[in-house]
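The values are calculated or read from the model by the stated rules, or taken from the named source; none is laboratory data. Remember, it's a predicted structure, so these values are computed and weren't measured experimentally. All Cβ positions, even for glycine, are placed from backbone atoms using ideal geometry, and neighbour counts span all protein chains on display.
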Amino acid sequence: MPSRVGYVKQFVNIGQAANELIKDRNDASKLIDDDEFYRMDSNGNNYSLAKHQSTTSAYWSLQSSYISKYLMENSSYTDVNYNFRGLGSRTFLEELASVKYFVCKDKTNYPPYGFSYKGSTKNYLNENVYLYENKNALPLGYTYDHYLLSSDYENMTVVQRQQAMLQGVLIPDDESLKVSELLINTTPVYNNQSVEYDFKTNENIITKTNKIIVKKPKEKLVLKLKNPVKACELYLQFDKLNFKSLNSKDYNIVKILASSNKKRSFVNHYTPTSHVTHGRTNYLLNLYYDEKSRDEITITFYVPGIYEFNSLDVIAQSMKDYENQVKALKQNVLENVEITTNKIEGAISLDTSKLLCLSVPYSKGWTAYVDGQKAEIIRTNTMYMGLLLDKGKHTIELKYCTPI
């Protein structure tokens with residue numbers, strides 16, 4: 001093979017791009033023996049498109065606005081609004097999305113609560129790939145007997161929202177009349193707590209009220225928790241983050257990394273000078289679930305500057321009622337699911353009237369049929385689809401045609 005120089009040197013061997021796109025998840029899928037529908041957690045670009053596998057990521061400029069809205073209102077990290085890279089490994093959001101398998105290739109990626117180790121393999125680069133399975137996974141179609149309104153949801157905090165959607169299905173206010181005839185309006189119970197802390201600074205970091213001044217790149221700020229926490233999913237939350245440079249240099253992207261007990265998470269804050277800025281200023285960094293005690297969080301600021309915010313909060317999310325809430329949603333589920341080109345079919349048996357939530361992104365292109373009769377699709381949990389069903393046995397069919 002002749003040597004490559006100049007521009008040609010930038011090219012890769014045939015097949016390498018395809019292998020890079022599907023690596024890890026494609027290899028991990030070989031460990032899965034599952035004939036039913038399942039979704040994999042994914043933070044890669046368009047693995048789902050390349051392998052026809054349901055995941056939690058997509059890279060496409062014509063995405064539904066409801067997906068972006070859901071991710072924004074739940075502070076589920078994504079770089080830009082045309083590139084969705086997973087759900088931040090947030091347990092509640094993964095559950096609502098029917099995620100059954102989690103894939104990672106190193107120990108710095110941690111599965112959400114309830115995921116257990118299933119096996120490991122090697123990818124085409126001979127790197128280790130690990131597979132975890134969600135013992136609490138919700139299927140493609142699960143059911144609610146309670147609901148909550150968008151107007152109430154909008155007044156909740158981000159962490160309250162994720163808990164509320166496991167207790168009642170979120171519906172637009174203008175759907176309340178028909179939904180209230182069959183379901184009960186819920187009053188959510190929350191199991192999160194705010195954690196107080198003190199700053200531990202150095203000569204290159206100055207903390208003031210709602211402001212952190214960072215003098216050098218990659219400086220670290222330690223938050224010492226006044227009361228250590230354990231057996232919880234731990235979050236660091238910025239509200240209304242704004243960045244100002246200390247000099248005349250413009251920064252398009254500002255990276256912030258948080259870590260605790262070696263578990264870490266990062267965000268890229270896009271400034272107004274970035275060509276892909278989307279106005280996002282609220283961030284929730286997931287430091288994962290840990291049974292062990294944690295007494296501090298370290299924040300690394302990659303860019304020097306002034307970081308202003310309305311609040312910087314540490315939140316501990318307990319899993320106290322999580323499994324029981326999931327079990328309630330799994331009492332009646334869509335069974336015998338068949339997914340073919342532009343069509344989803346299944347059957348369900350109900351002992352009382354409920355709303356069937358399908359963890360499929362809402363689109364006007366879908367048409368639903370219940371027992372052969374056309375039925376109204378209700379947009380639920382901001383980005384998913386729902387069908388109101390009476391007590392009894394039903395056949396469900398959904399057909400898709402790209403809307404005009």
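Okay, here's what the table says:
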item: Scan of the range 123-132 for residues that are surrounded by fewer than 20 Cβ atoms within 10 Å (Cβ to Cβ) and either touching a helix residue (DSSP H, G or I) at 6+ places or on another chain (Cβ under 7 Å) or not assigned by TED's automatic domain parsing to the domain that holds R39 (or both), ordered by number; result: N123, Y124
item: Whichever residue in the range 133-155 is assigned to a helix (DSSP H, G or I) and of a type in the set (S, T, Y) and, among such residues, is surrounded by the fewest Cβ atoms within 10 Å (Cβ to Cβ); result: S151
item: Test: residue in the range 374-383 that is under 30 Å from D290 (Cα atoms), of a type outside the set (S, T, N, Q) and surrounded by 13 or more Cβ atoms within 10 Å (Cβ to Cβ); result: yes
item: Failed item in (1) touching a residue at least 60 places away in the same chain (Cβ under 8 Å); (2) over 27 Å from V99 (Cβ atoms), with K354 passing the rest; result: (2)
item: Condition met for T298 (over 21 Å from D79 (Cα atoms), of a type in the set (S, T, N, Q) and more than 20 Å from the chain's Cα centre (by Cα)); result: yes
item: Members of the range 366-404 that are outside any strand (DSSP E or B) and within 20 Å of S57 (Cα to Cα); result: N381, T382, M383
item: Options V158, V99, V169; residue that is surrounded by fewer than 23 Cβ atoms within 10 Å (Cβ to Cβ), of a type in the set (V, I, T) and modelled with pLDDT of 95 or more; result: V158
item: The range 114-142 residues that are at positive phi, paired with ones that are part of a strand (DSSP E or B) and at pLDDT 95 or above (beta carbon under 8 Å, 6 or more apart); result: G114/N134
item: Single unsatisfied condition, Y190 versus (1) at pLDDT below 95; (2) surrounded by 13 or more Cβ atoms within 10 Å (Cβ to Cβ); (3) out of contact with any strand residue (DSSP E or B) (no Cβ under 9 Å at 6 or more places or on another chain); result: (1)
item: Qualifying residues in the range 333-356 (those that are in contact with an Asp or Glu (Cβ under 7 Å, 6 or more places away or on another chain) and buried (at least 20 other Cβ atoms within 10 Å of the Cβ)) - the one nearest to L183 (Cα to Cα); result: K354
item: Qualifying positions in the range 77-94 - modelled with pLDDT of 75 or more and either part of a loop (DSSP other than H, G, I, E, B) or hydroxyl-bearing (S, T, Y) (or both); result: G86, L87, G88, S89, R90, T91
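Conditions (1) more than 28 Å from the chain's Cα centre (by Cα); (2) modelled with pLDDT under 95; (3) surrounded by 18 or more Cβ atoms within 10 Å (Cβ to Cβ), marked per residue:
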| position | (1), (2), (3) |
| --- | --- |
| I205 | yes, no, yes |
| N210 | no, no, no |
| C232 | no, no, yes |
| Y235 | no, no, yes |
| F238 | no, no, yes |
| K255 | no, no, no |
| T277 | no, yes, no |
